[in-house]
1. For A:Lys204, go through the aspartates and glutamates and keep the ones whose alpha-carbon is under 18 Å away, minus same-chain ones fewer than eight residues off.
2. With +1 on the Cβ of every Lys and Arg and -1 on the Cβ of every Asp and Glu, and nothing else charged, how large is the dipole of the protein assembly as shown about its Cα centre, in debye rounded to the nearest 20?
3. Under 11 Å from the Cβ of B:Ala139, count the other residues' Cβ atoms, weight Lys and Arg +1, Asp and Glu -1, and hand me the total.
4. Under a straight-distance cross-link criterion of Cα-Cα below 20 Å, which lysines are reachable from B:Lys5, leaving out those fewer than 8 residues away in the same chain?
5. What residues have an amide H closer than 5 Å to that of A:Asp57, excluding those fewer than 5 places away on the same chain, when H is modeled at 1.01 Å from N in the peptide plane?
6. Residue by residue through the range A:63-68, which ³J(HN,Hα) values in whole Hz follow from phi under the Karplus form 6.51 cos²θ - 1.76 cosθ + 1.60 (θ = phi - 60°), with glycine and proline marked x?
7. Quick one: which residues, 5+ away or cross-chain, put their amide H under 5 Å from the amide H of A:Ser94? H built at 1.01 Å from N.
8. Please name which of B:His228, B:Met79, A:Ile110 has its Cα lying farthest along the dipole of the protein assembly as shown towards the positive end, using unit charges on Cβ (Lys, Arg +1; Asp, Glu -1) and the Cα centre as origin.
Amino acid sequence: MTDTTVPSTIALRPDFAAIAAWIHPGAKILDLGCGDGSLLRYLRDTRNVFGYGVEIDDDNLLSCFRNGINVIHNDLEAGLSSFASDSFDFVILSQTLQAVRHTEGIIQEILRVGKEGIISFPNFGYWKNRVQVISGRMPVPETLPYNWYDTPNIHLCTLDDFEALCQQCNARILERSVMNNHYRPVNFLPNLRGMLAFYRFESKG
Amino acid sequence: MQDSKSVGVVIPQFVQIDKPLQLKSGLSLDSYHLVYETYGQLNAAYSNAVLICHALSGNHHVAGVYAENEKSIGWWDNMVGPGKPIDTNRFFVIGVNNPGGCHGSTGPASVDPHTGKHYGAGFPVVTVEDWVEAQAQLAEHLGIEQFAAVVGGSLGGMQAMQWTLDYPEKVRHALVIAAAPKLTAQNIAFNDVARQAIMTDQEFYGGNFYAYDTLPRRGLRLARMLGHITYLSDDSMAAKFGRSLRNGELSFGFDVEFEIESYLRYQGDKFADLFDANSYLLMTKALDYFDPAAAYNGDLSAAFRVAKANFLVISFTSDWRFSPERSREIVKALLNNELNVSYAEITSSYGHDSFLMTTPYYHQLVRAYMDNISI
């Protein structure tokens with residue numbers, strides 16, 4: 001064997017558990033922008049799911065191979081034409097939405113390919129971000145540790161923004177979960193106090 | 001100098017198969033022989049066998065070197081060996097020359113036992129399905145009931161796919177590299193120009209040139225030159241040769257002037273001495289005929305319904321003969337059948353021949369995939 005040990009990022013990603021809580025055992029999953037494949041591997045090991053990741057970055061693709069998950073090299077921006085309509089129980093977009101150029105298009109594709117979609121993203125309405133903007137600087141939150149000039153994150157939104165987009169895309173929100181910076185649930189003033197947002201949604205048909 | 005990651009000196013082996021090979025064309029070969037090589041050790045459970053399928057002009061000599069010729073390194077030696085991506089410390093790797101070939105297995109240059117003469121033009125047309133059947137006979141001879149993986153690039157990738165359709169229980173993993181679910185019209189056109197070059201050579205004698213003690217060298221040379229161009233990319237040719245002149249200045253004539261001309265003629269000549277013209281015709285025809293979806297009204301997903309293997313599909317960005325789009329068709333059909341599949345599109349400037357190159361990222365991917373195969 002060779003030096004193929006992949007450091008597990010599961011300990012660093014408590015948000016995985018939030019997504020897993022919505023996924024029933026044995027489900028068929030598509031994980032868009034799956035990174036090194038840790039989420040799919042986690043879901044496979046904890047929820048016995050069958051699925052595929054989609055990833056464009058070469059290094060991430062190699063990590064997926066080492067993680068032993070199915071991964072399809074594909075540019076999300078080019079759509080999901082390799083995948084048949086309604087062919088997945090869940091299509092996941094975990095902390096990738098903000099880096100997608102054609103946001104509306106990808107949500108439409110998630111609604112087409114999956115029975116349900118799950119999207120998580122860093123909430124730009126989080127109070128720390130608001131404080132930084134008020135103080136006159138672009139925020140560099142812990143969930144998006146980039147400067148404004150070198151960030152891959154081009155479409156930042158708040159909970160309210162995302163919910164408005166769902167409305168526009170004919171998506172019905174089934175469940176929402178919001179976490180603070182200690183990865184604890186936030187129920188009171190989530191758009192202000194929440195750092196990470198999770199949505200489960202389906203097509204209104 | 002001996003490469004420490006080489007399988008070392010290898011010796012081809014030979015098996016005579018007296019069970020008739022029923023061919024897709026309706027004809028059959030009553031008996032035939034296959035030449036093959038093996039690298040690594042078959043484990044006690046017989047669960048670590050990997051079959052390597054060769055491409056158009058390939059053969060059984062995948063890795064290692066022959067004792068009598070230190071330059072005779074196997075065609076995929078960079079991929080197969082101890083510690084290499086297809087690790088012979090772990091896997092028992094088999095290379096086999098297909099029937100119709102010209103490197104030891106029964107082919108047009110063999111003597112037909114019925115006539116006592118070379119088969120020549122009388123050798124039946126063989127298909128990818130026929131090769132899989134012959135390879136299955138070899139597996140039976142070796143006592144292998146299931147391959148850990150069947151691996152191939154280009155025409156070899158087509159064989160790997162066909163294995164999963166004809167013997168779904170006998171393949172755990174299929175590595176389909178730089179392949180396509182069927183040739184395009186443009187590809188068939190290239191193949192026919194190559195065949196016409198051979199068949200219109202005055203020394204072809206309708207395929208029976210053996211009887212005239214000659215070879216259609218000019219035709220075979222042209223066929224190979226054409227093929228070679230299509231396996232490279234414009235970028236790789238530009239990088240390697242550009243418009244460099246052999247003698248530094250234009251001579252305003254038709255002799256070799258540009259380096260690329262010199263290179264292609266050299267490759268063509270070398271090939272014409274090594275490869276049998278009838279085998280080249282047969283191999284290109286096998287490529288043309290391959291189309292597993294044909295029996296399902298062109299529905300490739302329907303063709304793969306029987307498959308059970310796990311798949312790795314790899315394509316290369318500069319491969320215009322078997323482009324990434326063609327590999328995506330395969331991937332889509334596998335996805336539609338909920339099969340385990342991973343797909344990688346590798347950035348490479350070497351064209352179709354990329355699958356033979358030692359591109360580090362490509363080799364890392366194959367290594368990672370192979371390492372995860374349980375044996």
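1. Of all the aspartates and glutamates, those that pass the test against A:Lys204 - Cα under 18 Å, at least 8 places apart if same chain - are A:Asp86, A:Asp89, A:Glu104, A:Glu109, A:Glu116, A:Glu163, A:Glu175.
2. So the magnitude is around 1280 debye.
3. Taking every Cβ under 11 Å from that of B:Ala139, the sum is -2.
4. B:Lys5 reaches B:Lys71, B:Lys84.
5. Residues meeting the criterion, in which the H sits 1.01 Å from N, do not exist here.
6. Coupling constants for the range A:63-68: 4, 4, 4, 5, 6, x Hz.
7. A:Leu32, A:Ser120
8. Final value for the positive-end residue is A:Ile110.
The values are calculated or read from the model by the stated rules, or taken from the named source; none is laboratory data. No experiment lies behind these values; they were computed from the predicted model shown. Cβ: placed from backbone, ideal geometry, glycine included. Neighbour counts: every protein chain shown. With ligands, DNA and RNA removed, areas are computed over all heavy atoms of the protein, side chains included. Shrake-Rupley method; radii C 1.70, N 1.55, O 1.52, S 1.80 Å.
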